[in-house]
1. Counting only C-alpha contacts under 8 Å and six or more residues apart, can you give the relative contact order of the chain as a whole percent?
2. If a helix is a whole DSSP H run, which ones in the chain reach 20 Å or further along their own axis (Cα) and hold a mean Kyte-Doolittle hydropathy of at least -1.0?
3. With a cut-off of 19 Å, note down the residues of region 288-304 whose backbone N falls inside the zone around a label point 7 Å from the Cα of GLU12 toward its beta carbon.
4. Ranking request for peptides 4-16, 153-165, 79-91: highest mean number of other beta-carbon atoms within 10 Å first, then the rest in descending order.
5. Let me check against my output: what whole-number percent is the relative contact order of region 181-279, with C-alpha pairs under 8 Å and at least 6 apart?
6. What is the distance in Å between the Cα centroid of region 132-194 and that of region 235-274?
7. Can you sort LYS57, LYS137, LYS120 by solvent-accessible area, 1.4 Å probe, largest first?
8. Set Lys and Arg Cβ to +1 and Asp and Glu Cβ to -1, take the dipole of region 165-287 about its Cα centre, and tell me which of LEU234, LEU181, GLY244 lies farthest positive.
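The values are calculated or read from the model by the stated rules, or taken from the named source; none is laboratory data. Here the structure is a predicted model, which means the values were calculated and not measured. Here Cβ is always computed from backbone atoms with ideal geometry, including for glycine, and neighbour counts include all displayed protein chains. Quick note on the areas: whole protein, heavy atoms, side chains included, nothing else; ligands and nucleic acids left out. Shrake-Rupley method; radii C 1.70, N 1.55, O 1.52, S 1.80 Å.
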Amino acid sequence: MKTLHTTLGPYERGQLGLILPHEHVFVDLRTPDQPGYAQADAADVVRLMAPQIEAIKAQGVTALVECSTGGVGLRVDIDLAVSRATGLPIVVPTGNYREPWIPDWVREASADELERWMVKELTKGVGTTGVVAAWIKISAGDDGITPLEARILRAAARASAATGALIGSHTIKGRVVLDQLDIIADEGGSASRFLSIHTQQEQDFGLHRAVYDRGAWIEFDHVGRAPDAEVLALVTRALEAGQGERLLLSHDRGWYDPAKPGGGTPMPYTHLVDSFLPALRRAGVDEATITRLTHDNPFAAFAR
């Protein structure tokens, strides 16, 4: 029986409903060498973000995936505080972002050392939080994978093969995603445990198809940030192409930003339920498909 690891412990499929697979509670897009990087009081984050979480709980959302990773302000202790304050399970990653958002210790570590670190967080927990990471979040540059990014990816592929964890990558170009899948295969990993984040950013649908046909997951995560008609066209085209079995939908919104006064102004996570799912229904997408996209697929992707 597969389980989804969260801040509130493991959950089975029957315990969860709608899951938002790409959101942020806390993000710091300054590089890790900057003063004040990723620093904030958990109580301040709870004050700002708890109302956003309560809003989606009222919509029937049962879990949210935190997509901030190493290098861009991952704070699992803060995710845990927000989760405990609201009662919403949050799914956290291990891993690290692309250059230049790479701390010195990751830059200096070998692939074997990075693999051991990821496996530990995927099995024992992140730091002293006691929260087991569910997945591995990485990234690659638009112009291709740098040697350092490839080292992180190789470690992630090995950790994924050892634990069954999903690898999700912020990668804009489809051709770079295909290069990543080649590296994963070289390391004994499976494309079925890879998620191409921000798939909508690649304008060539042929590359969407190529990534999907390799067995990977795809994700349209700009719901509420682009007009519903634009997102709807992408989703219906993917469904017509038979890509619904491994398709995820989310907002890529939030968040508390410690670089801004008071954490900034968060973008709500409510548009999917309030606006986009009704648009799917009006377009003739049936309830079974909507449930698959919003309930079954996120669980299948992130559970192990």
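1. Values: 631 pairs, mean separation 64.1, N = 304.
Computed over the chain, the figure is 21 percent.
2. Qualifying helices, which must be both long enough and hydrophobic enough, are 42-59, 147-163.
3. Under 19 Å, as judged by backbone N against the label point of GLU12, lie 295-304 of region 288-304.
4. Averaged packing, sorted descending, gives the order 153-165, 79-91, 4-16.
5. On the way: 121 pairs, mean separation 22.5, N = 99.
RCO, region 181-279: 23 percent.
6. 21
7. Details: LYS57 75, LYS137 5, LYS120 100 Å².
I get LYS120, LYS57, LYS137, largest accessible area first.
8. Going by the charge dipole, the pick is LEU234.
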